[in-house]
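One structure is given here, and the rest of the page talks about it.
The values are calculated or read from the model by the stated rules, or taken from the named source; none is laboratory data. It should be emphasised that the depicted structure is a prediction, and the values quoted were computed from it without experimental measurement. No Cβ is skipped: glycine too gets one built from the backbone with ideal geometry, and neighbour counts run over all protein chains shown.
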Amino acid sequence: MIVPGGMRTVGAIARRPGLWWTALRQARRLTPTGWWRRPPFLPVPAKDYLAFRSVTQYGEIGRSPSPEDVVDYLAWCQEWDTTLRR
């Protein structure tokens, strides 16, 4: 399963080294346990979670986030993690 615009999103994150650790941390947090045991055998978030995020952000199921939205989300996660550590 390749997300539309996935390479553009990777490129947008690659241009922001300050978000690399946050992106890896979020990927780890969102990857279901035992992902290798179930199709599509890739470490991708659960479909239910992606549908929920799509509806809460865009108001419809199935819309893929833009690279800018992913970068904004990662920046927010980074700020939130910093806030929690204080």
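Which one is farthest from Pro32 (Cα to Cα), of the residues in the range 54-72 that are touching a residue at least 12 places away in the same chain (Cβ under 8 Å) and assigned to a helix (DSSP H, G or I)? Break it down into steps so the answer makes sense when it comes.
Applying the first criterion (touching a residue at least 12 places away in the same chain (Cβ under 8 Å)) to the range 54-72 yields 57, 64-71.
Those left that are additionally assigned to a helix (DSSP H, G or I): 57, 67-71.
On the way: Gln57: 21, Pro67: 23, Glu68: 25, Asp69: 22, Val70: 19, Val71: 22 Å.
Only one residue fits best here, namely Glu68.
Does Val70 fit the bill of being within 26 Å of Thr83 (Cα to Cα) and of a type outside the set (Gly, Ala, Ser)?
Details: within 26 Å of Thr83 (Cα to Cα): yes; of a type outside the set (Gly, Ala, Ser): yes.
The answer is yes for Val70.
Among the residues of the range 29-37, are any among the aromatic types (Phe, Trp, Tyr), surrounded by 14 or more Cβ atoms within 10 Å (Cβ to Cβ), at pLDDT below 95 and over 25 Å from Thr82 (Cα atoms)?
Residues of the range 29-37 that are among the aromatic types (Phe, Trp, Tyr), as a first pass: 35-36.
Filter once more, keeping what is surrounded by 14 or more Cβ atoms within 10 Å (Cβ to Cβ): 35.
Filter once more, so that each one left must be at pLDDT below 95: 35.
This time we only want the ones that are over 25 Å from Thr82 (Cα atoms), so: 35.
Yes, some residue in the range 29-37 is among the aromatic types (Phe, Trp, Tyr), surrounded by 14 or more Cβ atoms within 10 Å (Cβ to Cβ), at pLDDT below 95 and over 25 Å from Thr82 (Cα atoms).
Scan the range 1-53 residue by residue and report those that are farther than 13 Å from Val70 by Cα, basic (Lys, Arg) and assigned to a helix (DSSP H, G or I).
Scanning the range 1-53 gives Arg25, Arg28, Arg29, Arg37, Lys47.
Kindly check whether there is at least one residue in the range 64-71 that is surrounded by 11 or more Cβ atoms within 10 Å (Cβ to Cβ) and charged (D, E, K, R).
Narrowing the range 64-71 to residues surrounded by 11 or more Cβ atoms within 10 Å (Cβ to Cβ): 64-71.
Next cut, charged (D, E, K, R) only: 68-69.
Yes, the range 64-71 contains at least one residue that is surrounded by 11 or more Cβ atoms within 10 Å (Cβ to Cβ) and charged (D, E, K, R).
Condition (residue is surrounded by 14 or more Cβ atoms within 10 Å (Cβ to Cβ), within 22 Å of Glu79 (Cβ to Cβ) and among the aliphatic types (A, V, I, L, M)) applied to the range 50-59: is it met by at least one residue?
no
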